[in-house]
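Asker: Here's a structure for you.
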């Protein structure tokens, strides 16, 4: 096997990445090399350069931002991808049942006992997203979770940022078209989700959001205070419909807001509303533990 590793050295976990990978891949006689990214867009460009060079697998080491860049490049064609979690948030790895430590994820690849799962992506403008588009509350949380907070507290940075944002919630009117059908809702946030996980173990946007169903889930969140947010998370944890959420599913989505809001695609700036997005079914193949594939078919 010949693997290209796209590694983000500024990811949230301080660890000897190359040593860990060598310990896993060396005994398995895996031929691998690495490209180190230095800024936004480097992961995308490195992946596109690697496509067509004979690699059997392209692995992304870093957080969800790095994973999104590699996945977006592979959505245009290429070999399967592997996820080597190393960031503050590892939402996609959690959603797919991939080990969330670097050593365990590398061992999964080296062991050769895995499936390749076809995963949907969303398309917005000229770009792709694999987790979600966000408007309103969650976009504010992501912006408030500074690098200093992430370095000090890891994923808890998002919880702290959420508490700050909830202190002054702003309601918005969301005008939504789902496959041509118009609906309207008010809330603190609107999430257009491809993946369920929020990057915190056990916390999901809503039950039943599936990476391989050929659909995007539109969720309007109307939770006026912290107790409501906790209650909604508890609902999801016990398998009940979460309170304070209104949900639709479709292949083509258009969202307009009053007032206008910024849009984030997997945590990165994607302009402002109105926004249009569509699903790309089975856009990429991702390496997952053996036996988990059947539950997604």
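Asker: Would you kindly calculate the translational diffusion coefficient of the stretch 2-112, applying Stokes-Einstein with the Kirkwood radius from alpha carbon pairs, for 37 °C and a viscosity of 0.692 mPa s, and quote it in µm² s⁻¹ without decimals?
Answerer: Reported coefficient: 242 µm²/s.
Asker: If I model a spin label at residue 33 and residue 56 as a point 7 Å from the Cα along the Cα→Cβ vector, what separation in nanometres do I get?
Answerer: In this crude label model, residue 33 to residue 56 measures out at 1.7 nm.
Asker: Using 7 Å Cα-to-Cβ label points, what is the residue 179/residue 23 separation (nm, one decimal)?
Answerer: 4.9 nm
Asker: Now a separate question. Obtain the radius of gyration and the Kirkwood radius of the stretch 1-67 from its C-alpha atoms and give Rg over Rh.
Answerer: Across the stretch 1-67, the Cα-based Rg/Rh ratio is 0.96.
Asker: Here's another thing I want to ask about it. If you project the alpha carbons of the stretch 82-123 onto the principal axes, what extent comes out on each, in Å, largest first?
Answerer: 33, 25, 13
Quick note: the coordinates plus some simple rules give every number you see, no bench work behind them. If you're wondering where the values come from, they're calculated on a predicted model, not measured in any experiment. Heads up, the Cβs are rebuilt from the backbone with ideal geometry, glycines too, and the neighbour counts pull from every protein chain shown.
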